[in-house]
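What follows is a set of notes on a single structure, which appears directly below.
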Amino acid sequence: MSDHTFSPIEMSQDEKLRMYVGSFWIFIIAEAIMFVTLFSTRFLLAGTMRSNELSQGLGITSTILMLLGAFTVQRGLKMIKSGRFKNTGFYLNITALLGLIVMLVNGFEWLTSSMDWGSRFGEVYYITTLFHELHLLGGLIALVAIAIQANKNRFTSENYWPVKAIQVYWIFVTVVWLCVYISLYLI
């Protein structure tokens, strides 16, 4: 038997941060690839077919709420960068509330739509929106967890990577919703 002992790799804080940032961007790119696949499937299976059963009102409501959420999460990041730590948690919680409302609006549309789940368009619609809803749910959990930490003053204007990460993630989820809205509700 060998007498070697394994120890964790020693890294500076800057090296750890670069590793976290790089890993996070790889995650975002992987998620984007999955959504590109779903959007490609939409056009392969359903062509330019559009469903009249989708509510434009509910779709635009979700879109506006997602855009407002992108604004509020950006404000939360701006607050922490400027040293106004208490406001960070407030804006992250507002973003989470907006995201929760989007989930409820989308769920309401699922429950009230007469669209056939087994149709080519229905399959694509339900799978794509379900996948987006799962990303929303993950974002909501992260937003609340980071808001709690922000309210406990765990971040500073020099150390705010988790806030920046949730801001990037939420912007990503917002852009994906815009693509969902355009490809399923408009085209």
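The values are calculated or read from the model by the stated rules, or taken from the named source; none is laboratory data. Note that the coordinates shown come from a computational prediction; the quantities given were computed from them, not determined experimentally. Using ideal geometry, Cβ is built from the backbone for each residue, glycine included, and neighbour counts are taken over all protein chains shown.
Sort out which residues of the range 113-131 are in a helix (DSSP H, G or I), free of Cβ contacts under 8 Å to residues at least 60 places away in the same chain and touching a helix residue (DSSP H, G or I) at 6+ places or on another chain (Cβ under 8 Å), and write them in order of number.
Result: 126, 129.
Select from the range 34-74 the residues that are polar (S, T, N, Q) and over 24 Å from residue 166 (Cα atoms) and list them in ascending order.
Passing the criteria: 40, 41, 48, 51, 52, 55, 56.
Taking residue 75 and the conditions (1) out of contact with any Asp or Glu (no Cβ under 8 Å at 6 or more places or on another chain); (2) buried (at least 16 other Cβ atoms within 10 Å of the Cβ); (3) in contact (Cβ under 8 Å) with a residue 24 or more places away in the chain, which numbered condition does it fall short on, given that it satisfies the others?
Status for residue 75: all satisfied but (3).
Would you pick out the residues in the range 1-58 that are outside any helix (DSSP H, G or I) and modelled with pLDDT of 90 or more?
54, 55
Any residue in the range 148-164 that's more than 17 Å from residue 93 (Cβ to Cβ) and free of Cβ contacts under 8 Å to residues at least 24 places away in the same chain: show its pairings with residues that are among the polar types (S, T, N, Q) and not in a loop (DSSP other than H, G, I, E, B) at Cβ separation under 9 Å, as long as the two are six or more apart or on different chains.
159/13
Examine the range 130-142 for a residue that is more than 30 Å from residue 43 (Cβ to Cβ) and either among the basic types (Lys, Arg) or surrounded by 12 or more Cβ atoms within 10 Å (Cβ to Cβ) (or both), and state whether such a residue exists.
Checking the range 130-142: at least one residue is more than 30 Å from residue 43 (Cβ to Cβ) and either among the basic types (Lys, Arg) or surrounded by 12 or more Cβ atoms within 10 Å (Cβ to Cβ) (or both).
Which numbered condition trips up residue 163, out of (1) exposed (fewer than 15 other Cβ atoms within 10 Å of the Cβ); (2) part of a helix (DSSP H, G or I); (3) touching a Ser or Thr at 6+ places or on another chain (Cβ under 8 Å)?
That leaves (1) as the condition not met.
Failed condition for residue 86, given (1) basic (Lys, Arg); (2) loosely packed, with under 12 Cβ neighbours inside 10 Å; (3) part of a loop (DSSP other than H, G, I, E, B), with all others met?
(3)
Determine, yes or no, whether residue 49 is touching a Phe, Trp or Tyr at 6+ places or on another chain (Cβ under 6 Å) and either among the acidic types (Asp, Glu) or buried (at least 20 other Cβ atoms within 10 Å of the Cβ) (or both).
Considered against the rule, which asks whether it is touching a Phe, Trp or Tyr at 6+ places or on another chain (Cβ under 6 Å) and either among the acidic types (Asp, Glu) or buried (at least 20 other Cβ atoms within 10 Å of the Cβ) (or both), residue 49 comes out as no.
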